[in-house]
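Asks: My questions will all concern the structure given below.
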Amino acid sequence: MEVTSLLDNEQHWTRILDSYSSGYMEMNPHTNLLDGDPFSFWVSPLSRNAWVAFNFERKYTITGIRIYGWNSEQMIRTLQVQISRAGIDGPYVTVATCLCERLGGDDPSDPAEPQDFHGFRETSRYWRLLIQDGHGGRYLCFQGVEFYGYDREVWNFFKNLELEAYALSFINLGFNKLCFISLINDEDIAEVIDDEEKAKILSVALAERHQKGISILIGATIR
């Protein structure tokens, strides 16, 4: 089963620091790539070998990316998806190479056009997009990126219950971050698991997780 759910971006995955980007033009930083705004851009002053790095703060399995771009010579073209096992400063290794097309409108006021790239599966906390070239412009410019994948702790949650056979089904329902696990309800369980015993195991684990969360919240309030 393939991962079909996109992760909700988190703005803190990249930062306005030298270790997170090769640079940007004023008012158009690389942090715009995660803001969900189809009209904002990252504008790099480079025409080749620009890059932006991401620290997911925990390990994520990524199986694809969605690039939001436009029909311009400034649009990125050859894109390498990279990971680091060591840290935000690398070293990085390439896990996929994508060729981005010029799609959509050619006016910056037009909404961005998405294009998806799959065919890889890697797990890491640190990710980087290396843009090797564009479509002939003097600089590089595109609107956004999203990631197909899941927080590895989601998989571990199901694995610890010996229910990993169902993990991807729940992930594809949108429960792809650990903080979303507690939102799984009885209807979701019935949709995915037809074995009553295994469904009960998950229901009990979710109830215990919910109760633990309440206890932590009460304890923090008392203190």
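The values are calculated or read from the model by the stated rules, or taken from the named source; none is laboratory data. Keep in mind that what you see is a predicted model, and the values were worked out from it rather than measured. When we count neighbours, we look across all protein chains shown, and the Cβ atoms used for this are built from the backbone with ideal geometry, even at glycine. SASA here: full protein model, heavy atoms, side chains in, ligands and nucleic acids out. Shrake-Rupley method; radii C 1.70, N 1.55, O 1.52, S 1.80 Å.
Asks: Would you kindly identify the strands (runs of 3 or more DSSP E) lying entirely within segment 1-113 that contain at least 3 residues that are out of contact with any helix residue (DSSP H, G or I) (no Cβ under 8 Å at 6 or more places or on another chain) and of a type in the set (S, T, N, Q)?
Replies: So the answer is 76-84.
Asks: In segment 11-29, what residues are in contact with a strand residue (DSSP E or B) (Cβ under 6 Å, 6 or more places away or on another chain) and among the hydrophobic types (A, V, I, L, M, F, W, C)?
Replies: Correct list: Trp13, Met25.
Asks: Testing Asp194 on (1) at pLDDT 95 or above; (2) closer than 30 Å to Phe120 by Cβ, one condition comes back false. Which one is that?
Replies: Just one mismatch for Asp194, condition (2).
Asks: Looking at this structure, is Ile181 assigned to a helix (DSSP H, G or I), closer than 24 Å to Phe117 by Cβ, aliphatic (A, V, I, L, M) and within 23 Å of the chain's Cα centre (by Cα)? Don't jump to the end; show me each part of the working.
Replies: Numbers: assigned to a helix (DSSP H, G or I): yes; closer than 24 Å to Phe117 by Cβ: no; aliphatic (A, V, I, L, M): yes; within 23 Å of the chain's Cα centre (by Cα): yes.
So Ile181 does not fit the description; no.
Asks: Answer yes or no: is there a residue in segment 11-21 that is open to solvent by 20 Å² or more (accessible area, probe 1.4 Å) and closer than 12 Å to Val145 by Cβ.
Replies: Within segment 11-21, not a single residue is open to solvent by 20 Å² or more (accessible area, probe 1.4 Å) and closer than 12 Å to Val145 by Cβ.
Asks: In addition: Scan Arg58, Arg77, Arg85, Arg48 and give me the residue that is buried (at least 18 other Cβ atoms within 10 Å of the Cβ), among the charged types (D, E, K, R) and over 12 Å from Val145 (Cβ atoms).
Replies: Values: Arg58 fails: buried (at least 18 other Cβ atoms within 10 Å of the Cβ); Arg85 fails: buried (at least 18 other Cβ atoms within 10 Å of the Cβ); Arg48 fails: buried (at least 18 other Cβ atoms within 10 Å of the Cβ).
Answer to the check: Arg77.
Asks: Restricting segment 114-136 to residues that are within 16 Å of Arg85 (Cα to Cα) and not in a loop (DSSP other than H, G, I, E, B), which is most open to solvent (accessible area, probe 1.4 Å)?
Replies: Here is the first cut: in segment 114-136, the residues within 16 Å of Arg85 (Cα to Cα) are 121-129.
When the remaining residues are screened for being not in a loop (DSSP other than H, G, I, E, B), the result is 122-129.
On the way: Glu122: 56, Thr123: 39, Ser124: 5, Arg125: 85, Tyr126: 38, Trp127: 5, Arg128: 48, Leu129: 3 Å².
Among residues in segment 114-136 that are within 16 Å of Arg85 (Cα to Cα) and not in a loop (DSSP other than H, G, I, E, B), the one most open to solvent (accessible area, probe 1.4 Å) is Arg125.
Asks: So, one more: Please identify the pairs in which a residue from segment 1-22 that is farther than 19 Å from Ser124 by Cα has its Cβ atom under 9 Å from the Cβ atom of a residue that is among the basic types (Lys, Arg), counting only partners at least 6 apart or on another chain.
Replies: none
Asks: Only one residue in Asp106, Asp37 is in contact with a Ser or Thr (Cβ under 8 Å, 6 or more places away or on another chain), farther than 18 Å from Asp18 by Cα and open to solvent by 10 Å² or more (accessible area, probe 1.4 Å), so which one is that?
Replies: On the way: Asp37 fails: in contact with a Ser or Thr (Cβ under 8 Å, 6 or more places away or on another chain).
Just one listed residue meets the conditions, Asp106.
Asks: Mind listing just one residue for me: the one in segment 64-74 that is buried (at least 22 other Cβ atoms within 10 Å of the Cβ) and within 16 Å of the chain's Cα centre (by Cα) and, of those, farthest from Ile171 (Cα to Cα)?
Replies: Checked segment 64-74; the qualifying residue farthest from Ile171 (Cα to Cα) is Tyr68.
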